[in-house]
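Student: Let me give you the structure first, and then I'll get to my questions.
The values are calculated or read from the model by the stated rules, or taken from the named source; none is laboratory data. In this text, all values refer to a predicted model and were calculated from it rather than measured experimentally. Cβ sites come from the backbone with ideal geometry, for glycine too, and all protein chains shown count toward neighbours. Accessible surface is based on the protein model in full, side chains and every heavy atom, while ligands, DNA and RNA are left aside. Shrake-Rupley method; radii C 1.70, N 1.55, O 1.52, S 1.80 Å.
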Amino acid sequence: VKMSNKKRNLIERLNLGPVICAEGFLFEIEKRGYMASGEFVPMVSLEHPEALENLHRDFQHAGSDIVQAFTYNGHREKMRVIGKEELLEPLNRSALKIAKKVATSPLQGEQNLMAGNISNSNIWKQDDKKSQIEVEKMFREMVGWAVEEGADILIGETFYYAEEAFAALEEIKKSGLPSVITISPMGENKM
């Protein structure tokens, strides 16, 4: 079978079999000493970009087909909480650029896909339209940066509320990129 130089998209890859996406950045970066527990904001992309690049390469070496930008909790609300909201866009763009660099230089074979990432907001309230509008704005700006930095797919992860997951999906769909959404029912086991 002759392979063209064209990189296969997510659906093409899934049609051929499993596609692996390594996750667990937050805990792995914390274990390596580059993040303190607490607010879990991914400042590592600005403070220690080489450590993040190395982690991506470790995941790639372990078999990940997707290099997911470590922007989990890298949204406006978390940055506001730690008093670093002005670093929001640089943090996101740095994480996306690092992921793109690793995705486009695979250890062997075909290039990996690069995934942009948005996550639960911690401010979504079921009956509060104002909070929902804020969350949608946060998703919109993060999706926009991911698209501008060349993401192949977008991942929305760890949503506790189905409605918040649907809001993330709506913003992602506007980009035209394939999406993956993960949910995380809390202890009550309901969404």
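Student: Would you mind putting 63-71, 14-22 in packing order, based on average other-beta-carbon counts within 10 Å, highest first?
Tutor: Ranking, from highest mean packing down: 63-71, 14-22.
Student: Net charge near residue 10, counting Lys/Arg +1 and Asp/Glu -1 over other residues with Cβ under 11 Å of its Cβ? Walk me through the numbers on the way to the answer.
Tutor: Details: positive: 7, 8, 13; negative: 12, 65, 152.
After counting each charged neighbour, the total is 0.
Student: Expressed as a whole percentage, what fraction of the accessible surface of segment 80-129 belongs to carbon and sulfur atoms when a 1.4 Å probe is rolled over the protein heavy atoms? If you can, show how the numbers build up before the last one.
Tutor: Details: 1220 of 2430 Å².
About 50 percent, which is the carbon plus sulfur part of the accessible surface.
Student: Quick one: go through segment 42-74 and flag any residue whose amide nitrogen is under 16 Å from the point 7 Å out along the Cα-to-Cβ line of residue 31.
Tutor: 52, 54-64
Student: Let me ask another. With springs connecting C-alpha atoms under 10 Å apart, model the chain as a Gaussian network and identify which of 119, 45, 131 has the largest mean-square fluctuation.
Tutor: Among 119, 45, 131, the largest GNM mean-square fluctuation belongs to 131.
Student: With axes computed from alpha carbons, what is the tilt in degrees of helix 129-148 against the longest principal axis of the chain, rounded to the nearest 10 within 0 to 90?
Tutor: Between the helix axis and the principal axis of the chain, the angle is about 20 degrees.
Student: By how many degrees, between 0 and 90 and to the nearest 10, does the Cα long axis of helix 162-175 differ from the longest principal axis of the chain?
Tutor: 50 degrees
Student: Which value, in Å², gives the accessible area per residue of segment 18-164 when a 1.4 Å probe is used on the protein heavy atoms? Intermediate values should be presented prior to the final figure.
Tutor: Working: 6500 Å² over 147 residues.
It amounts to 44 Å² per residue over segment 18-164.
Student: Now for a separate question. For the chain, modelled as a GNM with alpha-carbon contacts under 10 angstrom, which of 143, 81, 44 fluctuates the most?
Tutor: In this elastic network of the chain, the residue with the biggest mean-square fluctuation among 143, 81, 44 is 81.
Student: Could you compute how much accessible surface residue 78 exposes when probed at 1.4 Å, giving the result in Å² to the nearest 10?
Tutor: 30 Å²
Student: Please determine, in degrees from 0 to 90 and to the nearest 10, the orientation of helix 49-61 with respect to the longest principal axis defined by the Cα atoms of the chain, where the helix direction is its Cα long axis.
Tutor: Rounded to the nearest ten degrees, it is 60.
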